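Below is one structure, written out as structure tokens; the observations come after it.
The values are calculated or read from the model by the stated rules, or taken from the named source; none is laboratory data. Note that the structure is predicted; figures quoted are calculated from it, not measured. All Cβ positions, even for glycine, are placed from backbone atoms using ideal geometry, and neighbour counts span all protein chains on display.
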Amino acid sequence: MKFINFVVVKFSGFLVLGILASHYFPFFFFLLPFLLMLFLLVFILWIWARNQIFQTVYFGIATYLCFFAVGYFSYQMRLPWFQPRHYSNSIAEETPALLQLKITQMLKPDTFNYKYFAAVSAVNGVSTDGKILLHVSKDSLKKEFSVDEILLVYAPITQIQKPLNPQQFDYSDYMKSLGVYAQLRISEKEILKIRNGTPTLTGAAQNFRASIVEKLQKTKLKTDERAIIQALVLGEKKDIDKNLYNEYAAAGAVHILAVSGLHVGILYAILAFLLKPLARWKFGSYFQAVSIVLLLWGFALLSGLSPSVTRAVTMFSFFAVAKIFNRETNAINTLFLSFLALLIINPLWLFQVGFQLSYLAVFFIVWLQPLFYKVGYSKYWLVRKIWTIVAVTLCAQIGVLPLSLYYFHQFPGLFLVTNIVVLPFLTILMCGGILIVILASFEILPNWLAASYNFLIEGLNGFIHWIAVQDEFLFKNIPFSTLKVLGAYLLIIALALFLKPCLLADRKLNYRRLVVSLLSVSAFIAIYIYDEFRTSANQLIVFQKSKQTLIGYKNGKHLTVFKSDTTKNISEEYPIKSFRSASNIDTYSEEGLPKIFQYKNRKILVLDSLGIVPKRKNIHTILLTNSPKINLNRLIDSLKPKQIIADGSNYFTYANRWEKTCKLKKLPFRYTAKQGAFPIE
């Protein structure tokens, strides 16, 4: 069994390497012929290997290369330029086109727009494929669209904007991980026709979920409590209040709001218990397993088929199928089989945070939980149960910690307290939530049950709030680079491989593994020192912020922000917060915006709306803010600057006019609202 596990792990590793190679080093020609030849080579080597007494490495090498090629090709074929029917190959950017769209998913709306994913089924009458992000103005629309509706619109398709500030979340890359490469912004006047499309299974599931949510809104459930039920049972998080969600994140309990393996495991146990009587029949065990698998996939479909729930349902499906054939299952083997299958089906999932965290958490639970369980084993039943929760929580946290620090730059210090209290009651909350959803669907939910569940969720939210406000235990703005992530996982795996045999099997110390552990510690220390050195350089940067002027001066580990609006502190706001975290900033201060900067013997003049030009010479850079009414031609002739910068506080029309002037003068011009934040060298 161990050998099988190791082979599956290696297959998965080569598949991942192929996907990563295709993502970072794409070939711009079709690799299908090469893949087919590789399959043929593997088949020939397999036939040859069957007749050999002493096996060679050729068949193994070819098989690993085959998985690498499958990963490379499966990712490549999802790129727009390898899809002849993709809509991006039929349009010119910013040029209006006649588009036929089919709504495929409703997203959480923002302040001004409803948001959807839509399939572009035709462009100017030509049949196409591909997904797009659709924004529809709220002011112009009487009601939201539903899934499977078809729209005929006339509007231009635009690219999803890249981040305009350093260390900012890249929304365009996130959308690409979902297979979305462009967006469409429309109001009702661009919509020429609306009709119902052919129903799909996913569309029917989403519309059914929307109808359940609508019925839940008519019950006596309170807003926050109803939102928690929708998240727990239906995977619908868009109604959760932002502050409440942040409190769950700060308390280390945000995982219970995202339907994942924990929820699917509870549902699996519930279904296995309810369908247990079927096993008494002659073929009842088969019917039981098939029913559980179908119901689990129905739940996954209803909850939106997120990567975490799809991973969990796939795993439990393998368990259920193995049970039908009375085959012994191994958790790690099952985990990597599901990992392999899902990435072959959709390699884009590899780049989704939820998918990464989900698999890492389960892998480390399966791998390290026996070690933790043995270390804290007790003869007392209650202590064992509590320690089991502690062990599972610690293993999951160890598995996701480096990646969580990389993505979110914070660590909830009280996560253990939160999970010890919350996890034992999650089964009750899930069972109660399922019952409430079923009763609400038939509009027979009694008020006393709604009131009881309100009381339970209020208690949960109150506890989460109490944990979240313990600010001294929430560690924020933790810098964690990609190299630190790799170094941290190398360290964790090396230490686990060194300690696990000693503690589980009472073996003597393995000096080879000890050396590897010490080398991994050294590597992590070296990475830490390198990151300290890399982020220690001084920098002056003009940030992009709409209607504001922000200039950051980084001096070692201290950041001073000069700003036009001095009425409030912006240290925890965009774009300063992410820049502080990624740049390893220890101390921070804010000051008013001066008229003249001196940086590296270069003078930087700041011109605001008053447009008052001081009598200075040797001006290197002019920063234009708040749309000053100036004659830029005359200003350039007078001060002879080396470059002009306009930040996000200026009118777009002014910036366009200044850009044309600078072009005629052959002077570098930078507009942060178009080109992003600008470091002044």
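When the stretch 365-396 is filtered for residues that are touching a Leu at 6+ places or on another chain (Cβ under 9 Å) and either closer than 25 Å to Leu20 by Cβ or touching a residue at least 40 places away in the same chain (Cβ under 8 Å) (or both), the ones remaining, listed by number, are Val366, Leu368, Pro370, Leu371, Lys374, Val375, Ala396.
Can you report the number of residues in the stretch 642-669 which are outside any helix (DSSP H, G or I) and out of contact with any Ser or Thr (no Cβ under 6 Å at 6 or more places or on another chain)?
First pass over the stretch 642-669, keeping only residues outside any helix (DSSP H, G or I): 642-651, 666-669.
Filter once more, so that each one left must be out of contact with any Ser or Thr (no Cβ under 6 Å at 6 or more places or on another chain): 642, 644-646, 666-669.
Going through the stretch 642-669 one residue at a time, the tally reaches 8.
Among the residues of the stretch 206-223, the ones that are touching a residue at least 60 places away in the same chain (Cβ under 8 Å) and either under 16 Å from Val259 (Cα atoms) or in a loop (DSSP other than H, G, I, E, B) (or both) come to 7 in all.
With respect to Leu394, determine if the residue is over 23 Å from Leu271 (Cα atoms) and out of contact with any strand residue (DSSP E or B) (no Cβ under 9 Å at 6 or more places or on another chain). Yes.
When each of Lys242, Lys189 is tested for being more than 19 Å from the chain's Cα centre (by Cα), at pLDDT 85 or above, surrounded by fewer than 16 Cβ atoms within 10 Å (Cβ to Cβ) and not hydrophobic (A, V, I, L, M, F, W, C), the lone residue that passes is Lys189. Among the residues that make up the stretch 471-491, is at least one of them small (Gly, Ala, Ser), assigned to a loop (DSSP other than H, G, I, E, B) and closer than 21 Å to Val400 by Cα? Yes, the conditions are met somewhere in the stretch 471-491. When Ile529 is tested against the conditions (1) more than 30 Å from Leu267 (Cα to Cα); (2) touching a helix residue (DSSP H, G or I) at 6+ places or on another chain (Cβ under 9 Å); (3) in a helix (DSSP H, G or I), the lone failure is (2). No other residue among Ile457, Ile438 is surrounded by fewer than 20 Cβ atoms within 10 Å (Cβ to Cβ) and over 26 Å from the mean Cα position of the chain (by Cα) apart from Ile438. When you scan the stretch 579-634, how many residues do you find that are surrounded by fewer than 15 Cβ atoms within 10 Å (Cβ to Cβ) and part of a strand (DSSP E or B)? Qualifying residue count for the region: 6.
Assessment of the stretch 364-381 against the conditions (closer than 24 Å to Phe480 by Cα, of a type in the set (Phe, Trp, Tyr) and in contact with a Gly (Cβ under 6 Å, 6 or more places away or on another chain)) yields at least one matching residue. When the residues of the stretch 114-128 are filtered to those that are of a type outside the set (Ser, Thr, Tyr) and in contact with a helix residue (DSSP H, G or I) (Cβ under 7 Å, 6 or more places away or on another chain), the one that is surrounded by the fewest Cβ atoms within 10 Å (Cβ to Cβ) is Val123. Here Trp46 meets each of (1) in contact with a Pro (Cβ under 7 Å, 6 or more places away or on another chain); (2) not assigned by TED's automatic domain parsing to the domain that holds Tyr154 with one exception, condition (1).
Could we say that Asn569 is exposed (fewer than 15 other Cβ atoms within 10 Å of the Cβ) and farther than 20 Å from Gln548 by Cα here? When the stated conditions are applied, Asn569 does not pass them.
Let's see how each residue does on (1) among the aliphatic types (A, V, I, L, M); (2) under 41 Å from the mean Cα position of the chain (by Cα); (3) within 16 Å of Ile680 (Cα to Cα):
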{"residue": "Arg602", "(1), (2), (3)": "no, no, yes"}
{"residue": "Val606", "(1), (2), (3)": "yes, yes, yes"}
{"residue": "Thr621", "(1), (2), (3)": "no, yes, yes"}
{"residue": "Leu624", "(1), (2), (3)": "yes, yes, yes"}
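Any chance the stretch 402-416 includes a residue that's surrounded by 19 or more Cβ atoms within 10 Å (Cβ to Cβ), of a type in the set (Phe, Trp, Tyr), out of contact with any His (no Cβ under 8 Å at 6 or more places or on another chain) and without any contact (Cβ under 8 Å) to a residue 60 or more places away in the chain? So far as the stretch 402-416 goes, no, none of its residues is surrounded by 19 or more Cβ atoms within 10 Å (Cβ to Cβ), of a type in the set (Phe, Trp, Tyr), out of contact with any His (no Cβ under 8 Å at 6 or more places or on another chain) and without any contact (Cβ under 8 Å) to a residue 60 or more places away in the chain.
Selection within the stretch 5-54: residues that are assigned to a loop (DSSP other than H, G, I, E, B) and under 27 Å from Trp349 (Cα atoms). The member of this set that is modelled with the highest pLDDT is Phe25.
Is it the case that Thr560 is surrounded by 12 or more Cβ atoms within 10 Å (Cβ to Cβ), touching a Phe, Trp or Tyr at 6+ places or on another chain (Cβ under 7 Å) and touching a residue at least 12 places away in the same chain (Cβ under 8 Å)? Break it down stepwise before answering.
Details: surrounded by 12 or more Cβ atoms within 10 Å (Cβ to Cβ): yes; touching a Phe, Trp or Tyr at 6+ places or on another chain (Cβ under 7 Å): yes; touching a residue at least 12 places away in the same chain (Cβ under 8 Å): yes.
Judged against the criteria, Thr560 is a match.
Could you please give the count of residues in the stretch 262-290 that are of a type outside the set (A, V, I, L, M) and within 27 Å of Phe363 (Cα to Cα)? Spell out how you get there, then give the answer.
Just the residues of the stretch 262-290 that are of a type outside the set (A, V, I, L, M), to begin with: 263, 265, 268, 273, 276-277, 280-288.
Of the ones still in play, those that are also within 27 Å of Phe363 (Cα to Cα) are 263, 265, 268, 273.
Total meeting the criteria: 4.
Scanning the stretch 473-500 for residues that are buried (at least 16 other Cβ atoms within 10 Å of the Cβ), free of Cβ contacts under 8 Å to residues at least 60 places away in the same chain and closer than 21 Å to Gln167 by Cα yields Leu483, Gly487.
Taking residues in the stretch 297-316 that are assigned by TED's automatic domain parsing to the domain that holds Ile434, and partners anywhere that are charged (D, E, K, R), the pairs with Cβ atoms closer than 7 Å and at least 6 places apart or on different chains are Leu302/Arg209. Scanning the stretch 422-433 for residues that are within 14 Å of Leu456 (Cβ to Cβ) and aliphatic (A, V, I, L, M) turns up Val422, Leu426, Ile428, Leu429, Met430.
Which of (1) among the hydroxyl-bearing types (Ser, Thr, Tyr); (2) more than 25 Å from Gly304 (Cβ to Cβ); (3) loosely packed, with under 14 Cβ neighbours inside 10 Å is the odd one out, the single condition Thr111 does not satisfy? Unmet condition: (2).
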